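Peer 1: Have a look at this one before I ask anything.
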2 protein chains.
Amino acid sequence: MTNKNLISEFARILGKENVMAEEADRQAYSYDSAMLPPVVPGLVVRPTSSQQLSHTIRLCSLHGLPLTVRGSGTNLSGGTIPSSSESVVVVTNGLNRIIELNARDLYAVVEPGVITADFAKAAAMKGLFYPPDPGSQTVSTLGGNVAENAGGLRGLKYGVTRDYVMGMEFFDAGGELIKAGSKTVKCVSGFNLCDLMVGSEGLLGVYSQIILKLIPPPVAQQAMMAIFDTVESASEAVSAIIANRIIPCTLEFLDNFTIRTVEDFRHAGLPVDAGALLLIEVDGHPAQVEDEAAKVKEICRQNQAKKIQVAQSVEEKELIWQARRDALPALARLKPTTILEDATVPRSQLPAMISRIKAIAEKYRLIIGTFGHAGDGNLHPTILTDKRDTEEYSRVEAAIDEIFDAALGLGGTLSGEHGIGLAKCKYMENETNRATIEYSKRLKSVLDPKNILNPGKMFGGRDDG
Amino acid sequence: MTNKNLISEFARILGKENVMAEEADRQAYSYDSAMLPPVVPGLVVRPTSSQQLSHTIRLCSLHGLPLTVRGSGTNLSGGTIPSSSESVVVVTNGLNRIIELNARDLYAVVEPGVITADFAKAAAMKGLFYPPDPGSQTVSTLGGNVAENAGGLRGLKYGVTRDYVMGMEFFDAGGELIKAGSKTVKCVSGFNLCDLMVGSEGLLGVYSQIILKLIPPPVAQQAMMAIFDTVESASEAVSAIIANRIIPCTLEFLDNFTIRTVEDFRHAGLPVDAGALLLIEVDGHPAQVEDEAAKVKEICRQNQAKKIQVAQSVEEKELIWQARRDALPALARLKPTTILEDATVPRSQLPAMISRIKAIAEKYRLIIGTFGHAGDGNLHPTILTDKRDTEEYSRVEAAIDEIFDAALGLGGTLSGEHGIGLAKCKYMENETNRATIEYSKRLKSVLDPKNILNPGKMFGGRDDG
């Protein structure tokens, strides 16, 4: 941004130390965790109070400056990539207070920049449980989680971020404070603006405070690893567990390629000849855990599990979940470019989806490691490639198109938990229809008439927006 | 409606038998369960397919006719009262098919006119559980439940209707089909239009098909009735149960006036000298139920419960819940006009709210029986009066104003589960602020530019809309 007056005005509102106009600073906010071209913003600002946040938005509105709000930049769909060199990136890490943690009424009020895992820890200190645990939880922010409706390993039993947002205060595109939802467990006053803001990817407003639901923690857990010869038998076991009315806390899948890669990375003794692994945790009342664990084992055996390792200690349990957490970093080591997808299907379509991904990998001669939240029907086919290899990359793009076609063809969705952002705009109409896109655009246009809130995301280029 | 051509056109689309233009028919759709003046619509139509529903909306849009969609008219906030003598009431009882009930993937696809209890029964036949159980469930429709985000007795543990809506297809104000959400358990494709439609009271679109989540049923239950000398000790027990990390399936409250009235009505042997009753049910794994029931009993005793009756048979359990179901019909017998409110507060504010209601009843010399979903902080203070007694009725109106002020003052909300409709428009700004109302109106205006979808609700008169 070359307008020195404007920079001074931001500095007057936020303090000089919270306005970053230097090239090096702006570069650092030009990209996120999606494999997409960076866009260097004009300015990066860091409000440290709700009032500063409101002033920031008013100033952007007054000057028609596009603004992209950014937590920790762990977004996997390009949602936090600035729209242009005019953009103002609003960093939320200065808005990181837990304002209230109410153990009697089981809710908390937080600012958007609180780190997810820090919040979960603070809740645990009061004997309470905040279940959403996206893979990025140690760095991601609650505001980012809400903007993307982040999922996580516990989604199967405990739901996703949306299920824990009771209310919020946010600023509209003009910087006016809007109040939605409540600290009460039920609230039907007016439109459900709170849920509309969940997953809105920064296009409809800017969160100022979020009211989050907390629950009593489960008393007992049991984790196990079930080893299968084939992907098919593992995915049949997933369907059978759910069909038998058991809802594990976590039910994760790793294919052989991912298993071998993780083992190379950590040398933890994973069964490298297994066709697939299921990592399963049941939780709840101790007697329920015992019963459900026994049933899960039985169902896995019926579906040709060749071995089931039950964690006998905290350390053994940790080993199981470490394997899951290692999946992405281990795969990402192999090639310069890692593309993590999150196509999602109804659970019973999991075997079909897995075999479609395998066929697509073969057809396009690509390395795709697949792991993910099998219990949710939410897979993460992970394509390993090198973006500089343009020939291979064109095959990657064709493969991604086909993965989405396959998911939609099986009654699924483009995105289970990573959002649309820039990465999936072009597929949106395939999942819905033209009228749905128009309905959504009308909504965006009236709530953000100057199109300054994270423009270009979800619907494509600014001209379309 | 005097326009014969228009009536013929509706008849051509829907069949003569599904177009009701006679005075007597129209009278029957002029009111709902709220105590508000009736408005006789111009026409009542009954589409029997999605296509007919779409054509109906297009015809209304073409001629600028306001339309109010109506399930069974159990609405308690006037949401289904037509807006004017020009209004078309669209009755959904011809759209009553359960299209799919998928036991493997735990979802169902339904049309909006399916009766709530019929649907729950159909799910139970497949060994599945649809928890939302509004008091009107034997007559209410799923579409109505979604439009109002209906609650019920099981809200405390299992949530409300919103927590079971996975996706939907709906028609916008022009009759275009919009697709939102998915049959997958996670979906973040585009704006959260599905949740925006939940609780939208017919103002933003007309549901065509709804995808509902089902869950495995709890294996065991235990119901009990705890008898207290005072309202204060009963409401302290409610707070203590939650604070002790127990989430009962149901946790209901009846005050002494309600107890006596129910006993007069049914003669089931309720303790008429009790200051208050708590009706409690815990459910889940048998061992968990046993533990939690024991803890609940202990907490009730610590909070001065003078007797705790545990249901020892299905019949005894039925007796407990019959008492709760009797509360409204028993109270309603006493006086010509029954006003059922649903102010809601954070649970820990329950004792304060109950004493405020008592003080308000005394101040305005009114009979108010209070019962409700204590575990949710959602009370139903029920004012018994006679609308024709204008002097008394002005005291009733003043009392209602004060009840809402009290709820909002305690950090609560205007409505836990009955909606805003016509009844609570004027209080909306007290809960939120002017900017929130404007934000909501902008949203309405762009999604329904001719203001034909249930005009006058939520924000007041058409001119304001």
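Peer 1: Can we say A:Ala327 is buried (at least 22 other Cβ atoms within 10 Å of the Cβ), in contact (Cβ under 8 Å) with a residue 40 or more places away in the chain, farther than 25 Å from A:Pro216 by Cα and over 23 Å from the mean Cα position of the chain (by Cα)?
Peer 2: no
Peer 1: If you don't mind, there's one more thing I want to ask. Please work out which residue is modelled with the highest pLDDT, limiting yourself to the range A:97-117 and to residues that are crowded, with 17+ Cβ neighbours inside 10 Å and acidic (Asp, Glu).
Peer 2: Among those that are crowded, with 17+ Cβ neighbours inside 10 Å and acidic (Asp, Glu), it is A:Glu111.
Peer 1: Kindly indicate whether A:Leu384 is within 27 Å of A:Leu279 (Cα to Cα) and touching a Lys or Arg at 6+ places or on another chain (Cβ under 6 Å).
Peer 2: On the way: within 27 Å of A:Leu279 (Cα to Cα): yes; touching a Lys or Arg at 6+ places or on another chain (Cβ under 6 Å): yes.
Spelling it out, A:Leu384 is indeed within 27 Å of A:Leu279 (Cα to Cα) and touching a Lys or Arg at 6+ places or on another chain (Cβ under 6 Å).
Peer 1: Could you tell me whether A:Ala406 is within 26 Å of A:Glu362 (Cα to Cα), of a type outside the set (Ser, Thr, Tyr), more than 8 Å from every other protein chain (Cβ to nearest Cβ) and buried (at least 20 other Cβ atoms within 10 Å of the Cβ)?
Peer 2: For A:Ala406, the condition - within 26 Å of A:Glu362 (Cα to Cα), of a type outside the set (Ser, Thr, Tyr), more than 8 Å from every other protein chain (Cβ to nearest Cβ) and buried (at least 20 other Cβ atoms within 10 Å of the Cβ) - is met.
Peer 1: May I pose another question? (1) modelled with pLDDT of 95 or more; (2) more than 9 Å from chain A (Cβ to nearest Cβ): which one isn't true of B:Gly135, the others all being true?
Peer 2: Every listed condition holds for B:Gly135 apart from (1).
Peer 1: Given (1) over 30 Å from the mean Cα position of the chain (by Cα); (2) within 14 Å of chain B (Cβ to nearest Cβ); (3) over 19 Å from A:Ala234 (Cα atoms), identify the lone condition not met by A:Ala294.
Peer 2: Failed condition: (3).
Peer 1: Considering only residues that are under 25 Å from A:Ile242 (Cβ atoms) and in contact with a Phe, Trp or Tyr (Cβ under 8 Å, 6 or more places away or on another chain), which ones fall in the range B:125-166?
Peer 2: Within the range B:125-166, B:Tyr130, B:Pro131, B:Pro132, B:Leu142, B:Val146, B:Tyr164, B:Met166 meet the criteria.
Peer 1: When you scan the range B:45-73, how many residues do you find that are outside any helix (DSSP H, G or I) and surrounded by fewer than 24 Cβ atoms within 10 Å (Cβ to Cβ)?
Peer 2: In the first step, residues of the range B:45-73 are kept if they are outside any helix (DSSP H, G or I); the result is B:45-49, B:64-73.
When the remaining residues are screened for being surrounded by fewer than 24 Cβ atoms within 10 Å (Cβ to Cβ), the result is B:46, B:48-49, B:64-66, B:72-73.
Looking only at that region, the number is 8.
Peer 1: Restricting to the range B:149-162, what's the tally of residues that are assigned to a helix (DSSP H, G or I) and at the interface with another protein chain (Cβ under 7 Å from one of its Cβ atoms)? Before the answer, list the steps.
Peer 2: Residues of the range B:149-162 assigned to a helix (DSSP H, G or I): B:155-158, B:161-162.
From what is left, the residues that are at the interface with another protein chain (Cβ under 7 Å from one of its Cβ atoms) are B:155.
So the count comes out to 1.
Peer 1: Within the range A:1-39, how many residues turn out to be of a type in the set (S, T, N, Q) and surrounded by fewer than 16 Cβ atoms within 10 Å (Cβ to Cβ)? Walk me through it before giving the result.
Peer 2: Narrowing the range A:1-39 to residues of a type in the set (S, T, N, Q): A:2-3, A:5, A:8, A:18, A:27, A:30, A:33.
Subsequent filtering for residues that are surrounded by fewer than 16 Cβ atoms within 10 Å (Cβ to Cβ) retains A:2-3, A:5, A:8, A:27.
So the answer is 5.
Peer 1: Please go through the range B:183-227 and pick out each residue that is more than 7 Å from chain A (Cβ to nearest Cβ), outside any strand (DSSP E or B), charged (D, E, K, R) and more than 26 Å from B:Arg442 (Cα to Cα).
Peer 2: Listed by number, the list is empty, since nothing qualifies.
Peer 1: Tell me which residues, restricted to the range B:422-442, are of a type in the set (D, E, K, R), more than 7 Å from chain A (Cβ to nearest Cβ) and not in a loop (DSSP other than H, G, I, E, B).
Peer 2: So the first thing to find is which residues in the range B:422-442 are of a type in the set (D, E, K, R), and the list is B:424, B:426, B:429, B:431, B:434, B:438, B:441-442.
Right, trim to more than 7 Å from chain A (Cβ to nearest Cβ) and you get B:424, B:426, B:429, B:434, B:438, B:441.
Those that are of a type in the set (D, E, K, R), more than 7 Å from chain A (Cβ to nearest Cβ) and not in a loop (DSSP other than H, G, I, E, B): B:Lys426, B:Glu429, B:Arg434, B:Glu438, B:Lys441.
Peer 1: Can you name the residue in the range A:446-458 that is facing another protein chain (nearest Cβ under 9 Å) and either buried (at least 20 other Cβ atoms within 10 Å of the Cβ) or touching a strand residue (DSSP E or B) at 6+ places or on another chain (Cβ under 7 Å) (or both) and, of all such residues, is farthest from A:Pro41 (Cα to Cα)?
Peer 2: Applying the filter and picking the extreme gives A:Leu447.
Peer 1: For B:Gly94, state whether it is over 25 Å from A:Lys157 (Cβ atoms), touching a Lys or Arg at 6+ places or on another chain (Cβ under 6 Å), at the interface with chain A (Cβ under 10 Å from one of its Cβ atoms) and surrounded by fewer than 21 Cβ atoms within 10 Å (Cβ to Cβ).
Peer 2: no
Peer 1: Going by the structure shown, is A:Thr436 without any contact (Cβ under 8 Å) to a residue 40 or more places away in the chain, among the polar types (S, T, N, Q) and in contact with a strand residue (DSSP E or B) (Cβ under 8 Å, 6 or more places away or on another chain)? Outline the logic, then answer.
Peer 2: On the way: without any contact (Cβ under 8 Å) to a residue 40 or more places away in the chain: yes; among the polar types (S, T, N, Q): yes; in contact with a strand residue (DSSP E or B) (Cβ under 8 Å, 6 or more places away or on another chain): yes.
Judged against the criteria, A:Thr436 is a match.
Residue-wise test of (1) of a type in the set (Lys, Arg); (2) in contact with a Gly (Cβ under 6 Å, 6 or more places away or on another chain); (3) within 26 Å of A:Ser415 (Cα to Cα).
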| site | (1), (2), (3) |
| --- | --- |
| A:Ala173 | no, no, no |
| A:Glu176 | no, no, no |
| A:Val188 | no, yes, no |
| A:Asp195 | no, no, yes |
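Peer 1: Here is a follow-up. What is the residue count in the range B:360-375 for residues that are touching a strand residue (DSSP E or B) at 6+ places or on another chain (Cβ under 7 Å), surrounded by fewer than 24 Cβ atoms within 10 Å (Cβ to Cβ) and assigned to a helix (DSSP H, G or I)?
Peer 2: Qualifying residue count, the range B:360-375: 1.
Here is a yes/no grid of residues against (1) surrounded by 15 or more Cβ atoms within 10 Å (Cβ to Cβ); (2) more than 9 Å from chain B (Cβ to nearest Cβ):
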position	(1), (2)
A:Ile383	yes, yes
A:Asp389	no, yes
A:Leu410	yes, yes
A:Lys444	yes, no
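Peer 1: Can B:Val45 be described as within 24 Å of B:Val114 (Cβ to Cβ), in contact (Cβ under 8 Å) with a residue 24 or more places away in the chain and not acidic (Asp, Glu)?
Peer 2: yes
Peer 1: Given the conditions (1) within 12 Å of chain A (Cβ to nearest Cβ); (2) closer than 22 Å to B:Ser189 by Cα, report the number of the one that B:Ala108 does not fulfil.
Peer 2: That leaves (1) as the condition not met.
Peer 1: Could you tell me how many of the residues in the range A:74-87 are buried (at least 21 other Cβ atoms within 10 Å of the Cβ) and more than 20 Å from A:Ala34 (Cβ to Cβ)?
Peer 2: First, the residues of the range A:74-87 that are buried (at least 21 other Cβ atoms within 10 Å of the Cβ): A:74-83, A:87.
Filter again for more than 20 Å from A:Ala34 (Cβ to Cβ), leaving none.
Total meeting the criteria: 0.
Peer 1: Restricting attention to the range B:341-359, and to residues there that are β-branched (Val, Ile, Thr) and either within 14 Å of chain A (Cβ to nearest Cβ) or at positive phi (or both), which single residue is surrounded by the most Cβ atoms within 10 Å (Cβ to Cβ)?
Peer 2: Taking the candidates together, the pick is B:Thr344.
Peer 1: B:Asp172 - would you say it is within 7 Å of chain A (Cβ to nearest Cβ), under 30 Å from B:Val89 (Cβ atoms), in contact (Cβ under 8 Å) with a residue 40 or more places away in the chain and among the acidic types (Asp, Glu)? Step through it out loud before you land on a result.
Peer 2: Values: within 7 Å of chain A (Cβ to nearest Cβ): yes; under 30 Å from B:Val89 (Cβ atoms): yes; in contact (Cβ under 8 Å) with a residue 40 or more places away in the chain: yes; among the acidic types (Asp, Glu): yes.
Taking the combined requirement at face value, the residue satisfies it.
Peer 1: In contact (Cβ under 8 Å) with a residue 60 or more places away in the chain, more than 10 Å from every other protein chain (Cβ to nearest Cβ) and either in a loop (DSSP other than H, G, I, E, B) or surrounded by 24 or more Cβ atoms within 10 Å (Cβ to Cβ) (or both), is that true of B:Gly419?
Peer 2: In short, no.
The values are calculated or read from the model by the stated rules, or taken from the named source; none is laboratory data. The model shown is predicted, which means the values in this text are computed figures rather than measured ones. Glycine also receives a Cβ, built like all others from the backbone with ideal geometry; neighbour counts cover every protein chain displayed.
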